[in-house]
Amino acid sequence: MTIGVAVRKVVRLGQPVLRAPARALSPEEIVSPAVQRLVAEMAVTMAEYEGVGIAANQVGEGVRLFLMGLAPGARRHPPGIELSVVFNPVVKFLTEETALDFEGCLSVPGLRGQVARRVRLELSGLDAKGEPFTRVCEGFPARVVQHELDHLDGKVYLDRMTDLATLGYTSRV
Ligand code: NI
């Protein structure tokens, strides 16, 4: 890890950067020191806040970049998610089928609510080196991709909820 990589402060709902569509980055911008540093800072921030995904606008940067990842065997999500860096994500749904499950968000701390998401999709974009990739995501990783892509379009999971009665605090007290 580069010396001086800092944990960033996560922006909370109410800040305009969370509601603005983010802009795409060119491969040249992706390999620039400033953007590589942003990737490193988002990785340590996601770990510090114990998130499974983080979008660049959640640390105040309006660019189309998200990270996702979860150590194997982590509580609640046994299979884990490989750490991924995704620039300029594009999603193609591979099914109409949806599943309902709880989501939370680092920008909406302390709350969770049920959201229906497609269960299978193809994700393409540019990786940390600016190289194109495509892969299929299913189940929980597919949910995380949809949640993070929403962030880059200025949306949060609350916008996707169809039953606000499922919204609640993660802790009882
Ligand atoms: Ni979120």
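The values are calculated or read from the model by the stated rules, or taken from the named source; none is laboratory data. Please read these numbers as outputs of a predicted model, since none were measured by experiment. Please note: Cβ atoms are built from the backbone with ideal geometry, for glycine as well, and neighbour counts cover all protein chains shown. Surface accessibility is based on the protein's heavy atoms, side chains included, excluding ligands, DNA and RNA. Shrake-Rupley method; radii C 1.70, N 1.55, O 1.52, S 1.80 Å.
Given a 1.4 Å probe and the protein chains as shown, SER171 ends up with an accessible area of around 70 Å². Extension gain for ARG19-ASP153 works out to 47.5 nm (0.36 nm per residue, less the C-alpha to C-alpha distance). The residues ARG8, ARG120, sorted by heavy-atom accessible surface at 1.4 Å with ligands and nucleic acids left out, run ARG120, ARG8 from largest to smallest. Note on segment 16-169: dipole from Cβ charges, positive end direction compared against VAL86, GLY139, ALA22; the farthest Cα belongs to GLY139. Put a dot 7 Å past the Cα of GLN36, heading toward its Cβ, do the same for PHE133, and the two dots end up 1.7 nm apart. Simple point charges give the picture: +1 on the Cβ of Lys and Arg, -1 on the Cβ of Asp and Glu, and for segment 51-173 a dipole about the Cα centre of about 280 debye.
Applying the criteria of a DSSP loop state and at most 11 other Cβ atoms within 10 Å to the GluC sites (Glu not before Pro) of segment 30-95 yields GLU50. A 1.4 Å probe, protein heavy atoms only, puts the accessible area of THR162 near 130 Å². Principal-axis analysis of the Cα atoms of the chain puts helix 140-152 at an angle of about 70° to the longest axis. Heavy-atom accessible surface of GLU122, to the nearest 10 Å², is about 50 Å², with a 1.4 Å probe and all protein chains retained.
Straight-line cross-link reach from LYS92 at under 16 Å between alpha-carbon atoms covers these aspartates and glutamates, not counting any fewer than eight positions away in the same chain: GLU122, GLU138, GLU148, ASP150, ASP153. Volume per residue for segment 19-126 equals 121 cubic angstrom (convex hull of Cα atoms). Rounded to the nearest 500, the 222 nm mean residue ellipticity of the chain from helices alone is -6000 deg cm²/dmol, with -39,500 (n - 2.57) taken per DSSP H run of at least 4 residues.
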